[in-house]
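Peer 1: Just dropping this structure here.
The values are calculated or read from the model by the stated rules, or taken from the named source; none is laboratory data. Source: prediction; values computed, not measured. Glycine gets a Cβ as well: all are built from the backbone with ideal geometry, and neighbour counts include every protein chain shown. Accessible surface is based on the protein model in full, side chains and every heavy atom, while ligands, DNA and RNA are left aside. Shrake-Rupley method; radii C 1.70, N 1.55, O 1.52, S 1.80 Å.
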Amino acid sequence: MPGNILVGVGGGIAAFKAAALCSLLVKRGHSVQVLMTKNATRFVQPLTFQALTHRAVVTDTFEEPDPSEIAHIALADAADVYLIAPATANLIAKLAHGIADDMVTTTALACTAPLMVAPAMNVHMWAHPTVQENLTILRRRGIHVVEPDSGILACGYTGKGRLAEPEELADAVERTLARRRDLAGVRVVVTAGPTVEDIDPVRFLSNASSGKMGYAIAEAAVARGATVELISGPVSLDPVAGAALTPIRSTQDLLDAVLARIDQADVFIAAAAPADFRPVERLPHKWKKTEGTPVLALEPTPDVLAAASARRRPGQVFVGFAAETRDAVAYGREKLRRKNLDLVVVNDVTEPGAGFGVDTNRVVILDDSGAAEELPLMAKRDVADRVLDRVADRLRANRER
Ligand code: CTP
């Protein structure tokens, strides 16, 4: 699917790789419009990009060749995707804080198309907390950060900071293009966070789920045009703009909320970590120490995903998660079968950077054909999009059947 790609080039030595990227995008059939910062033009001449893209390169916000329009607004409006590559530490800081003092950053504010940022810089600059915090701000806003590679850097250091290769950047741009509104009209129900089982009015059983994975899925689904119902246990996350939020507390509440919505849903994604056991009895008053040490009798809670799956109608796509601490893939396969699912997203929560509370995850996506797709460590928002790519494929296949 060819698109209008805006490429913003920043002032780093990796600007030369942006020329290869533009050439590749043009070869793949896209229209490419390049914007450069003044410093970028010190590394590569605008003429290089003009010759590759057959379009004049814009370097100055105040250069207005066509009096009938305002260049940065017209270019922003025409874009299907805006990729900034290389994104220097300075550009990343400006993007994170809304500074718009050149053509690249001004257009970023005016652009409503998906924004992608491909950083390139020295290894110490990359690791600097300021840069990492600014990237966290960008990711939180749904901006896709294409991680730099590790290797020998122009500054002589070896480490992380090298601009991703043109092939990889072009693939990432095309994935973003394909995702635009690919879930329009699709009704998605997502569960997220822990559930809480009360023991008495002040004590409860729960778990360490932060809800971040489920919220990232809801956010990504909204961005792709889906109608999203987010059913969430108690978490300390901001609601997802554009998704209908139903807060719940116990696993029974979660079951009721899911069963009330499942028949109308096209997709069910169970990212919640429901408590598997609850006290047989909830004490009406706070248990006093003077009353002795209580013995808690527990009973299993309902399995929400299994109950919803039992009512599953043809064409619906069901996705489960499996948070494991050992033999993750084997347990994942078993859950896929037992709960009758299309996909299971498995992660080993004991691995660094994966699981509860963190912004990243390392997962394996299992499907009912027995295939396993192992993804590298990536932002939960990116994991969300990879999972939704698979869901979109399934919906398409179901429609064609
Ligand atoms: N799940 C659910 N309701 C429950 C428990 C789990 O809907 N009461 C869903 C989760 O949202 C997740 C999947 O089932 O998508 C896997 O949850 P997990 O607790 O790991 O699986 P179980 O098979 O229930 O537990 P175990 O690991 O003990 O086998």
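Peer 1: Can you list the lysines whose alpha carbon is less than 30 Å from that of LYS380, not counting same-chain residues fewer than 8 positions off?
Peer 2: Qualifying lysines at Cα under 30 Å: LYS17, LYS94, LYS160, LYS212, LYS335, LYS339.
Peer 1: I've got another one for you. Need one number: the % of Cα-Cα pairs in segment 4-179 sitting beyond the 24 Å mark.
Peer 2: 29
Peer 1: Which value, in debye to the nearest 20, describes the size of the charge dipole of segment 238-354 about its Cα centre when Lys and Arg Cβ atoms bear +1, Asp and Glu Cβ atoms bear -1, and nothing else is charged?
Peer 2: Approximately 280 debye in magnitude.
Peer 1: Right, something else. Could you do me a favour and compute the accessible area per residue for the chain, 1.4 Å probe, result in Å²?
Peer 2: 47
Peer 1: Around ILE365, under 9 Å between beta carbons, what's the net of Lys plus Arg minus Asp minus Glu among the other residues?
Peer 2: For residues surrounding ILE365, the net value is -1.
Peer 1: Of all GluC sites (Glu not before Pro) in segment 228-307, which ones are in loop regions per DSSP and have a Cβ with at most 13 other Cβ atoms within 10 Å?
Peer 2: Sparse-neighbourhood loop GluC sites (Glu not before Pro): GLU281.
Peer 1: About the Cα centre of the chain, what is the dipole size in debye to 20, counting +1 per Lys and Arg Cβ and -1 per Asp and Glu Cβ, all else neutral?
Peer 2: 460
Peer 1: Summing +1 for each Lys or Arg and -1 for each Asp or Glu, what net charge is found among the other residues whose Cβ lies under 15 Å from the Cβ of ALA192?
Peer 2: Counting the neighbours of ALA192, the net charge comes to 0.
Peer 1: Another question, then. If you project the alpha carbons of segment 168-287 onto their three principal axes, what span does each projection cover, largest first, in Å?
Peer 2: Reported extents, whole Å, longest axis first: 60, 32, 22.
Peer 1: Nearest 500 deg cm²/dmol is fine: what mean residue ellipticity at 222 nm does the chain get from its DSSP H runs of n ≥ 4 alone, each adding -39,500 (n - 2.57), divided by its residue count?
Peer 2: Rounded to the nearest 500, the figure is -10500 deg cm²/dmol.
Peer 1: With a cut-off of 8 Å between alpha carbons and a minimum separation of six or more residues, what is the relative contact order of segment 187-400 in percent?
Peer 2: Computed over segment 187-400, the figure is 20 percent.
Peer 1: Can you give the charge dipole size of segment 4-179 about its Cα centre, rounded to the nearest 20 debye, using +1 on the beta carbon of Lys and Arg and -1 on the beta carbon of Asp and Glu?
Peer 2: Around 440 debye, computed over segment 4-179.
Peer 1: Pick out, in residue order, every one of the trypsin sites (Lys or Arg not before Pro) in segment 253-332 that is DSSP loop and has at most 12 other C-beta atoms within 10 Å; say none if there are none.
Peer 2: Here the trypsin sites (Lys or Arg not before Pro) that fit, given the DSSP loop and packing criteria, are LYS286, LYS288, ARG311, ARG326.
Peer 1: Given the convex hull over the Cα atoms of the chain, what projected area results after averaging over all orientations, in nm²?
Peer 2: Mean orientational projected area (the chain, Cα hull): 23.3 nm².
Peer 1: Pairs of Cα atoms under 8 Å, at least six residues apart: use those to get the relative contact order of segment 9-151, whole percent.
Peer 2: Taking the mean separation of contacting Cα pairs over the length of segment 9-151, I get 24 percent.
Peer 1: Of all DSSP beta bridges located in the chain, what percent are antiparallel, nearest 5?
Peer 2: Approximately 30 percent, going by the DSSP bridge assignments.
Peer 1: Would you mind telling me which residue in LEU336, LEU135, LEU375 has the biggest mean-square fluctuation in a Gaussian network model of the chain, where springs connect alpha carbons within a distance under 10 angstrom?
Peer 2: Of LEU336, LEU135, LEU375, the most mobile in the Gaussian network model is LEU375.
Peer 1: Are there trypsin sites (Lys or Arg not before Pro) in segment 101-173 that DSSP marks as loop and that have at most 16 other Cβ atoms within 10 Å, and which are they?
Peer 2: ARG141
Peer 1: Placing +1 on the Cβ of each Lys and Arg and -1 on the Cβ of each Asp and Glu in the chain, which of TYR331, ILE217, ALA76 has its Cα farthest towards the positive end of the resulting dipole?
Peer 2: Highest projection toward the positive end goes to TYR331.
Peer 1: Now a separate question. Picking from PHE204, GLY357, ASN398, whose Cα lies most toward the positive end of the charge dipole for the chain (charges on Cβ: Lys, Arg +1; Asp, Glu -1)?
Peer 2: Of PHE204, GLY357, ASN398, it is PHE204.
Peer 1: Also, quick follow-up: Taking just the C-alpha trace of segment 264-401, give me its Rg and Dmax in Å.
Peer 2: 18.3, 66
Peer 1: In whole percent, and with a 1.4 Å probe on the protein chains, what portion of the accessible area of segment 4-179 is carbon and sulfur?
Peer 2: In segment 4-179, the share of accessible area belonging to carbon and sulfur is 57 percent.
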